[in-house]
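The values are calculated or read from the model by the stated rules, or taken from the named source; none is laboratory data. Being a predicted model, the structure only gives us computed values, none of them experimental. We place every Cβ from the backbone using ideal geometry, glycine too, and count neighbours over all the protein chains shown. To get the accessible areas, we keep the full protein, side chains included, count just its heavy atoms, and leave off ligands, DNA and RNA. Shrake-Rupley method; radii C 1.70, N 1.55, O 1.52, S 1.80 Å.
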Amino acid sequence: MRDNLDPEQSDMDQALLRLLTEALASVPTGAATIRQHWDEGGGMWSVEVRPRSASAANLDMGFDGDDLLNVNIGNIWFEVFPVRSVDDLTYAKEIAEAVFAGRLEESGPASEAYGRLLLEDGPVAVGRVHLPWPWKARPLKRRYTPYT
């Protein structure tokens, strides 16, 4: 429920919630919860998806109101830009679908995590800047499970 003191949601905020809700429809009913809330620290509306399974990755996304999509998956944080229109949010849906399907690998300590998302078009490196080692050589890999 929206607090009367929170800023109005933009079309982009509403579209992001709609796209992530649509992506979540591909997983079994009850596999996750989704909610949108005002993130005072970030100064933006954030969509929070929490899987029922502890071995699946949490997902948070928020549009900054300008041209940036803030993304947190598991222990990984990254930004996607430019995001200027609702059409640009299709990439957010692709990211969410990969997370929901368990196509995310993570490495490094939680405070400096980085990883790769296995998207339909191939792997994408995300998170903290790191040395260009082959993925197999990376220490402490975590593989998240699908939302079930």
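Numerical summary
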| quantity | calculated |
| --- | --- |
| Test: Arg18 is in contact with a strand residue (DSSP E or B) (Cβ under 7 Å, 6 or more places away or on another chain) and open to solvent by 80 Å² or more (accessible area, probe 1.4 Å) | no |
| Candidates Trp77, Trp45 - the one that is more than 12 Å from the chain's Cα centre (by Cα), assigned to a strand (DSSP E or B) and in contact (Cβ under 8 Å) with a residue 24 or more places away in the chain | Trp45 |
| Enumeration of residues in the stretch 89-148 that are part of a loop (DSSP other than H, G, I, E, B) and either in contact with a Cys (Cβ under 8 Å, 6 or more places away or on another chain) or at pLDDT 90 or above (or both) | Ala101, Gly102, Arg103, Glu120, Asp121, Tyr144, Thr145, Pro146, Tyr147, Thr148 |
| Failed condition for Gly41, given (1) among the small types (Gly, Ala, Ser); (2) open to solvent by 20 Å² or more (accessible area, probe 1.4 Å); (3) within 21 Å of Asp6 (Cβ to Cβ); (4) modelled with pLDDT of 95 or more | (4) |
| Test: residue in the stretch 60-73 that is part of a loop (DSSP other than H, G, I, E, B) and either in contact with a Cys (Cβ under 8 Å, 6 or more places away or on another chain) or buried (at least 20 other Cβ atoms within 10 Å of the Cβ) (or both) | no |
